[in-house]
Each structure stands twice: as C-alpha cells, then as structure tokens.
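Let me give you the structure first, and then I'll get to my questions.
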Amino acid sequence: MSLSQRTTTLESPALPVSLRGVGRSFGSGRKELPTTVLRDVDLDVTAGEIVALIGPSGCGKSTLLRQISGLDTPTAGSITIDDRSIAPADQRCAMAFQEPRLLPWRTAARNVQLGLARGLDRARGAERVAELLELVHLSHARDQRPREISGGMAQRVSLARALARGPGVLLLDEPFGALDALTRLSMQDLLVDIHAAEPTTIVFVTHDVDEALILADRVVLLGSEPDLPGATIRRVISVPGSRPRDRADAELGELRAELLDGLGVPSHHSHH
Amino acid sequence: MSTSIVPSERAADRGALAAPLDDGPRQREARAGRRRSATRIALGGALPILLIALWYAATAFDWVPAHKLPSPDAVIVAGIDLWERGLLGMHITISVQRVLLGFAIGAAAGLVIGAIVGLSRFADGVLAPTVGAVRAVPSLAWVPLLILYLGFGEDSKVTLVAIGALFPVYTTVAGALRHVDPHLVEMGRAYGYTRSRLLLTVQLPAVIPAIISGLRLALAQAWLFLVAAELVGSTMGLGFLLIESQGNLRYDRLFLAILALGVIGKTTDALIGIGERALLKRWG
C-alpha cells in the first residue's frame with residue numbers, strides 16, 4: 001500500500017460552502033406566529049478556509065452550523081457544498097459538538113473508528129485511526145474509555161473522530177467551550193496543526209473572540225439589526241497573517257476591540 | 001549470604017520469605033476484596049442460620065404443635081425420602097426446565113416488542129396501551145384458558161411462564177430505548193448511521209444495562225408464574241408438590257418445596273447477577 005494511494009482514498013479534497021439567503025424560523029403552529037431565528041444569510045466559504053461564526057448567545061450560530069451539516073434544514077434560502085445541495089446528515093461534512101459525545105462503552109480508538117467512511121477496508125481503517133490518535137497526541141490512551149480520560153482528551157477524541165473520514169468540510173460547534181482556559185489554548189494550537197496536516201474547510205462556532213482571531217481566516221459576526229426579526233451577518237472581518245499567530249499581536253488587538261464592539265461589549269481599548 | 005546474588009534470585013528470595021509483609025497494591029487490593037466478600041457472606045448467612053435455629057427451637061420446645069411445624073431434620077428426612085424415590089429430582093428438573101424454556105421465549109418476545117415500541121413513536125401509540133392492558137391481567141387468570149386451549153401438558157405451563165417473563169423485559173427495554181441520550185443518537189445520525197446500523201452501534205449498546213435488569217426481573221417473574229401454572233392442573237413440578245402436600249397434610253414436604261423454590265430461585269438470580277457484572281464491565 002503506497003502512501004499516495006492512502007492519501008487519495010482517505011483525504012477527500014477541501015470543499016467550498018455557499019449559503020444564499022438562508023433563514024430559519026421555528027413554530028409554524030396555527031395560533032402562534034413563527035419566530036425567526038436567522039434570515040438572509042449570504043456567505044461563501046472557499047475550499048480550505050477557516051471561518052469563525054461569532055455572535056451573542058441564542059443568535060443562531062449553532063443552527064447555521066447544523067444546517068450546513070444537514071442536521072437541520074433552512075426554512076428559506078439554500079446551502080450548497082461544492083455546488084451540490086445538502087443531503088440530510090450530509091456525509092461530506094463531519095461535525096464535532098460542544099460535548100464530546102463519545103460512546104461510553106467504546107475505547108478511544110473504537111470511538112474514532114466510528115467516524116471512518118463506510119466501506120473502508122479494516123487494515124486501512126485501523127491505520128487511519130492510529131494516525132489520527134497520533135495527530136491529537138492520544139496514542140497512549142487508545143484503549144481507554146471515555147470515563148477514564150479528561151475533558152480535553154475526550155474532546156480530542158471527538159476531533160479525531162470528525163477527521164476520520166477526511167471530511168470535505170469540518171464543522172465545530174463550540175468545540176473548546178467547556179474546557180478550562182489552559183486546555184483551550186493548547187486545543188487551539190492543536191487545531192492549527194491539524195489544519196496544516198489535513199487542510200480541510202473548517203467552519204466553527206465560538207463565543208470567544210480571541211479564539212476566533214487566532215484560528216480563523218475570516219470572522220463572521222452574527223447579530224440582529226434594529227427593528228428586524230432574527231439574526232443575520234453583521235460584519236465579516238478578514239484576519240491578517242498566517243497561522244500560527246501571535247496571541248499578543250497589536251493588529252489582532254485592534255480587531256478584537258472591533259469585534260467586541262460589534263458584540264456590544266465595551267472593550268476598554270485605547271487606540272494608539 | 002554473599003553480595004553477588006543475581007537480581008532475579010534475590011527477588012525470588014524475598015518473595016518466598018517476606019511475602020506476607022512485602023506485597024504490591026494489587027495484592028493488597030485483592031486481599032481486601034476477599035475480606036470484603038467474606039464479610040458479606042458472613043453477614044448474609046447470619047440471618048438464615050438464626051432463623052433455622054429459631055425454627056429448631058420452636059419444634060424442640062413445642063412452641064408450635066409438631067404436626068403443624070415439622071422440625072428441620074424432619075424436612076431433611078422428607079427430602080432424602082423423595083430424592084431416593086427419584087421424585088424430588090424429577091419435580092425440580094421439570095420446574096427448572098419449564099422456567100428456562102418459558103423465560104427464554106418470553107424474554108426474546110419482550111425484547112422484540114420492547115424494541116419496536118421503544119424505537120417507533122407510531123408503534124408506541126398503537127401497541128403500548130394494549131400491551132399495558134394485557135400486562136394488567138393477573139397471572140392466574142390465564143390458567144383456565146391456557147389449559148382449555150393447550151391442554152394439561154407442557155405447552156400451557158411454558159406459555160404462562162413466557163407471559164410472565166415477557167413484560168419486565170418489554171417494559172425496561174421500551175423505556176430505556178426511549179431515553180437513550182439524544183445527543184448520542186444525533187451524533188450517530190451525523191456520522192451516517194441510520195436504522196439498523198444506528199440501533200446496533202448506538203441504541204442497543206446504550207440499553208444493555210437496562211436489558212440485564214429487565215432479564216433479572218423477568219426471571220423472578222418466571223418463577224412466580226411457574227408456581228401459578230403448576231398449582232393448577234399439573235402432575236409434576238415443585239408447584240404440584242406444594243398442592244399435593246397440601247392435600248396430604250404433608251407439612252414437611254410443603255416446607256421442602258418452599259425451601260427448594262427459594263434456593264433454586266436465588267441461585268438462578270445469582271447466575272444472572274454474575275453475567276450482569278461481566279457485561280456491565282464491558283458496556284456499563
């Protein structure tokens with residue numbers, strides 16, 4: 001089995017995502033008026049790009065992500081991956097959730113195995129699982145159960161599972177949100193390494209402005225506009241510089257202040 | 001002793017001479033475990049021994065008229081007598097056979113119906129009320145009908161035991177499947193698992209602990225329904241021994257049959273308990 005053969009079967013190319021006029025309302029009962037959560041979202045994510053979705057809680061960031069993955073369906077507009085519309089639970093995507101969602105009766109390795117593309121032969125699957133555990137620094141914990149490992153390790157298993165099939169689009173729903181601050185920083189570095197090793201398209205939801213600026217090529221700020229229902233894209237910020245980025249960079253500091261302003265949080269930032 | 005001893009020899013020496021003093025945490029743990037289970041056996045055995053002693057005293061000192069309460073040794077004698085004539089063995093064998101057969105059939109049916117009701121909202125709506133009503137029928141109420149339909153043979157008894165075993169498995173499996181962590185199910189769907197693959201990968205493993213506790217309840221219920229079946233219209237089995245001894249006023253055999261039911265029931269339950277622990281280590 002040659003290396004090139006392996007890369008062609010396992011790593012599908014990064015795919016572009018396109019959202020056109022996407023909206024979502026809930027509650028279509030006869031008595032109540034539907035509540036609009038999202039409206040008029042237009043966004044093009046190029047292949048291999050990392051995009052952060054940021055916004056106040058309840059603004060529909062997670063809903064948007066779930067729509068790209070095909071776990072939820074827009075009530076308006078359309079979403080395509082690589083110019084083809086989305087299937088329910090679209091298998092070109094892989095999702096990592098805020099909670100690791102590991103099967104407690106399976107070992108770390110067997111949990112990663114769950115994410116492999118169907119029809120992959122056993123030996124190659126095992127090789128891929130070993131490779132991914134190595135990538136997320138968990139080779140030593142391959143035979144451990146979820147309850148025996150820390151939250152950060154569990155989240156790394158979840159990440160490895162999402163990468164297992166070599167997804168065209170990797171979707172991350174506040175993947176590091178429940179972790180402590182230090183673990184979160186190392187997970188961000190890990191994600192940068194992962195993207196360098198397997199440069200897929202990544203869309204991730206976060207409420208951490210710094211996380212968005214360290215990881216993303218572009219940061220999409222979602223929020224509501226005065227007198228209009230639901231949230232939509234308020235601003236898209238392109239983040240300069242290639243990864244890994246300096247967390248103390250002054251230019252990032254300016255963008256951070258801008259984003260916090262956009263979120264309605266005073267940044268107490270003095271312009272130099 | 002010279003100083004040029006090779007390490008392995010030295011270790012062997014130490015092992016032989018100082019084992020009780022110098023052992024690892026694993027051995028200490030194992031020893032503590034043995035001590036704990038010894039304590040458990042002593043605690044659990046204390047009450048039966050006390051009860052037998054009281055029983056013995058009650059007969060020896062004539063607290064209760066001798067013809068109404070046989071002494072423990074009279075029960076043992078009655079047991080040996082029945083055993084030597086091949087009757088006790090036959091009664092026990094046929095009862096155990098009916099329980100195991102009925103339990104297997106009923107548990108399998110309960111698993112299937114429980115899975116259907118637990119997984120499909122539609123099936124739940126259609127089936128659950130009816131199954132609930134059938135479950136509410138007391139065990140003895142089935143007996144006359146089963147005898148008319150299936151006769152006095154094995155079929156009617158095994159069927160009644162199966163009815164008894166079905167419902168605990170049905171209830172626990174349906175309930176547990178309905179409450180499998182929706183996050184895990186969604187994760188499974190997101191990774192392309194649907195229907196039977198989702199069931200085998202996520203849902204079924206998640207309810208294995210519930211299935212085991214359902215099986216345990218079902219086995220207890222199987223013994224309950226067995227005695228009901230054997231009390232009415234049978235010529236063999238521990239239930240028949242009960243009803244026959246009642247007719248002959250053989251208190252000693254009554255006690256013998258009750259004790260046999262208790263001991264065998266507890267034994268089968270303990271066997272499931274061992275299986276349960278092994279499975280929970282893997283799936284819990």
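The numbers here are math on the coordinates, done by the rules we state, and not lab data. Worth saying up front: this structure is predicted, and the values here are computed from it rather than measured. Virtual Cβ from ideal backbone geometry, glycine too; neighbours counted across all protein chains shown.
Label A:Arg118 and B:Ala104 with points 7 Å out from Cα along Cα→Cβ: what is the distance between them in nm?
Calculated label separation equals 3.4 nm.
Most fluctuating residue of B:Ala229, B:Ala165, B:Ala58 in a GNM of chain B with Cα springs under 10 Å: which is it?
Top of the fluctuation ranking is B:Ala58.
With all pairs of different alpha carbon atoms counted, what Kirkwood hydrodynamic radius in Å does chain A show?
Every distinct Cα pair counted, the radius reaches 19.5 Å.
Starting from the amide H of A:Gly77, placed 1.01 Å from N in the peptide plane, find each other amide H under 5 Å away whose residue is 5 or more places distant or on another chain.
Amide H to amide H, under 5 Å and 5 or more residues apart or across chains, A:Gly77 pairs with A:Gly23.
Over the Cα atoms of segment A:118-209, what is the Rg over Rh ratio if Rh follows Kirkwood?
0.96
When only alpha-carbon atoms count, how far does segment A:57-204 stretch along each of its three principal axes, as whole angstroms with the largest first?
47, 39, 31
Where does segment B:229-284 land on the Kirkwood hydrodynamic radius, alpha-carbon pairs, in angstrom?
Hydrodynamic radius (Kirkwood, Cα pairs) of segment B:229-284 is 13.0 Å.
How high is the relative contact order of segment A:120-243? Use alpha-carbon pairs under 8 Å, at least six apart in sequence, and give a whole percent.
Normalised by residue count, the contact order of segment A:120-243 is 18 percent.
Which of A:Met153, B:Met90 has the fewest other C-beta atoms within 10 Å, and how do the rest follow up to the most?
If I rank by nearby Cβ atoms, fewest first, I get B:Met90, A:Met153.
Tell me which of B:Val117, A:Ile233, A:Pro175 sits at the most positive position along the dipole axis of the protein assembly as shown, charges placed on C-beta atoms (Lys, Arg +1; Asp, Glu -1).
Positive-end residue among those listed: B:Val117.
With an 8 Å Cα cut-off and a minimum separation of 6 or more residues, compute the relative contact order for segment B:72-283 in percent.
Relative CO of segment B:72-283 lands at 28 percent.
Remind me, relative contact order of chain A in percent, using alpha carbon pairs under 8 angstrom and six or more residues apart?
So the answer I get is 25 percent.
Please find the FRET efficiency linking B:Val263 to A:Asp143, where r is the Cβ-Cβ separation and R0 is fixed at 41 Å, and quote it to the nearest 0.05.
0.50
What percentage of all Cα-Cα pairs in the protein assembly as shown are separated by more than 29 Å?
That fraction is 69 percent.
So, one more: With labels modelled as points extended 7 Å from the Cα through the Cβ direction, what inter-label distance (nm, one decimal) is found for B:Ile41 paired with A:Asp42?
It is 8.0 nm.
While we're here: Of the residues A:His195, A:His140, A:His207, which exhibits the maximal mean-square fluctuation in a Gaussian network model of chain A defined by a 10 Å Cα contact cut-off?
Comparing A:His195, A:His140, A:His207 in the GNM, the peak value goes to A:His140.
While we're here: So for segment B:72-283, what are the equivalent ellipsoid semi-axes in whole Å, largest first, each being the square root of 5 times an eigenvalue of the Cα gyration tensor?
Semi-axes (√(5λ), whole Å): 39, 20, 11.
Compare A:Ala14, A:Ala47, A:Ala87 in a GNM of chain A, Cα atoms joined below 10 Å, and give the one with the largest fluctuation.
A:Ala87
Which is the longest part of chain B that has none of the chymotrypsin sites (Phe, Trp or Tyr not before Pro) sitting in a DSSP loop with at most 13 other Cβ atoms within 10 Å?
After excluding every exposed loop site, the longest remaining stretch is B:153-284.
Something else now. Please give, to one decimal in nm, the separation of the simple spin-label points placed at B:Val126 and B:Arg31, each 7 Å out from Cα toward the Cβ.
Result: 6.4 nm between the two label points.
Between rounded, prolate and oblate, where does segment B:73-161 land on the alpha carbon gyration tensor, with a ≥ b ≥ c its root eigenvalues, rounded for a/c under 1.5, else prolate if a/b exceeds b/c?
It is prolate, given that a/c is not under 1.5 and a/b is the larger ratio.
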